[in-house]
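Participant: Starting off with a structure, shown below.
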Amino acid sequence: MQENFSFFNPVRISFGKGILKNVGKIARKYSNNALIVTGKSSMQRSGVLQKLLDILKAEGVGSTVYSGITPNPTCIEIDEAAKMAKDFKTGLIIGLGGGSPLDSAKAVAVAAKGDIPVWDYLKVKAKEALPVITIVSTSGTGSEVNRYSVMTNPATKEKPGFGYECMYPKEAIIDPEIMISMPKYVTASTGFDIFVHVLEAFTGKMKNAFSSAYCMQAFYLLKDNLINAYNEPQNLDARGNMALASALAGLAIDLSGTGIIHALEHPVSGNYPNIAHGAGLAALTVASLRYNISGCKRDFMLIAHHLGIKRAGKTDDEYAYSLIEKTQEILKAIDLNMSLKDLGVEKEALGKIAKEAFATMGFAVQNNPEEIDEKEALKLLELSY
Ligand code: NDP
Ligand code: MN
């Protein structure tokens, strides 16, 4: 029986090659004074930040830049940026970059409206936020279209996510030309993040007809384009299709959440901020799929179908299992076939990671299709080591 749900997404999504040029007019609808929240180097190096500054200026939108967001961003960075937004009395936050700057932009929009540190919003519900425009530069998190923000507390290494209705971006600008500069490792790790979003949203307890529709189209797009975008970084069509898959998957997790793979990954990259989120997921996925397969046979078969795997003479069990083999194939093709050990996680940290998954990512644990306790989660971490 389908669980009850409601469906709401207020984000205006604009997609297309070269549409960055429209952002001046779009920004002006909201404010003539924006804070741009971005990372330390990629958008500077590719010239996109300068282009954005010029476009805003030409439309008479003043701007200030906060460029201190690190991958797996901290609450300290977000508080710093929120202080800037207050000091400069900005009426609009523009997130520019991958999931880290975009998640941060949404959190900054909340913190700039209040007078408590952003970390406190894990407990205190935020009711208002400055308007946010997301300009996405990776194809992975789906942060461009959803309300979630993930931040790390550097003192405790906790890495929870949070998201309130006021945190939906007003506008998402998805311009595949901005993604061309992604290095191969970033293409692979962010692209695999999409794959896990749709795996988890499609099989989780909170799945519903709408999220499943998004997932199916995302699987179909991932089928050819994940590996093509990896092998041909300049292929704008592959980049565009990956960007669409990212947005579809972002909408799917907004509706239906993630599962044990994300629950375990957050404490991995929380404790080891040098590990890319998608690489952490890659290490955890195969063992987690094996854990989940018995209760998800039909879903796994459907996913196998959408990934273009031939049924031939396979039994149901074999066809469901072919999803796991396909996942291993994809990981090899994009050079992400790595264990937690390969990524630099220490064996002694596994117990702490399992504990934190339950303490900070309980929502995702509960959404996992199979029940799982801390001991079983530790076992999954050991199998992924
Ligand atoms: P990041 O935003 O962390 O970016 C990863 C790296 O890629 C950075 O070094 C960045 O450089 C660089 N980079 C980004 N875009 C480009 C580009 N076009 N060209 C060259 N280099 C580029 O990666 P993700 O997008 O994977 O975001 C990860 C974060 O998002 C994690 O904190 C994760 O937990 C979170 N997340 C959020 C979700 C949500 O629903 N909101 C869902 C899943 C994950 P620089 O730092 O210089 O910009
Ligand atoms: Mn993710």
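Participant: If you average the alpha carbon positions of the stretch 213-244 and of the stretch 57-90, how far apart do those two centres end up, in angstrom?
Facilitator: 31
Participant: Going by a ≥ b ≥ c, the root eigenvalues of the Cα gyration tensor, does the stretch 251-344 fall in the rounded group (a/c under 1.5), the prolate group (a/b larger than b/c) or the oblate group?
Facilitator: Details: a/c = 2.30, a/b = 1.65, b/c = 1.40.
Prolate, since a/c reaches 1.5 and a/b exceeds b/c.
Participant: Among 253, 359, 283, whose Cα projects farthest towards the positive end of the dipole of the stretch 182-383, with charges put on the beta-carbon of Lys, Arg (+1) and Asp, Glu (-1)?
Facilitator: Highest projection toward the positive end goes to 253.
Participant: Expressed in nm², what is the orientationally averaged projection area of the convex hull enclosing the Cα positions of the chain?
Facilitator: With every direction weighted equally, the projected area is 17.3 nm².
Participant: Taking a 1.4 Å probe, which of 134, 315, 70 shows the most accessible area, and what order do the others take after it?
Facilitator: The residues order as 315, 70, 134, largest area first.
Participant: While we're looking at this one, here's another question. With angles folded into 0 to 90 degrees, how steeply does helix 236-256 sit against the dominant principal axis of the chain? Use alpha carbons for both and round to 10.
Facilitator: The angle comes out at about 80 degrees.
Participant: Now for a different question. Angle between the Cα long axis of helix 297-306 and the longest principal axis of the chain, 0 to 90 degrees, nearest 10?
Facilitator: 60
Participant: Using alpha carbons only, how many degrees (0 to 90, rounded to 10) separate the axis of helix 209-231 from the longest principal axis of the chain?
Facilitator: Roughly 90 degrees between the two axes.
Participant: Now for a different question. Given Cβ point charges of +1 (Lys, Arg) and -1 (Asp, Glu) and nothing else, what value in debye, to the nearest 20, does the dipole of the chain about its Cα centre take?
Facilitator: 880
Participant: Given DSSP loops and a limit of at most 16 other Cβ atoms within 10 Å, what is the longest stretch of the chain that contains no such GluC sites (Glu not before Pro)?
Facilitator: With a cap of 16 other Cβ atoms within 10 Å, the longest stretch comes to 129-345.
Participant: Taking the Cα-to-Cβ direction at residue 155 and at residue 6 and moving 7 Å from each Cα, how far apart do the two end points lie in nm?
Facilitator: Between residue 155 and residue 6, the simple spin-label model gives 3.6 nm.
Participant: Now for a separate question. Among DSSP beta bridges lying fully in the chain, give the percent that are antiparallel, nearest 5.
Facilitator: In the chain, approximately 10 percent of DSSP beta bridges are antiparallel ones.
Participant: Let me ask you something else. Quantify, in whole percent, the carbon and sulfur part of the accessible surface of the chain (1.4 Å probe; protein heavy atoms only). Can you show the working numbers first?
Facilitator: On the way: 8310 of 15820 Å².
In the chain, the share of accessible area belonging to carbon and sulfur is 53 percent.
The values are calculated or read from the model by the stated rules, or taken from the named source; none is laboratory data. Here the structure is a predicted model, which is why all the values come from computation and not from measurement. Glycine also receives a Cβ, built like all others from the backbone with ideal geometry; neighbour counts cover every protein chain displayed. For accessibility, only protein heavy atoms count, side chains too; no ligands or nucleic acids. Shrake-Rupley method; radii C 1.70, N 1.55, O 1.52, S 1.80 Å.
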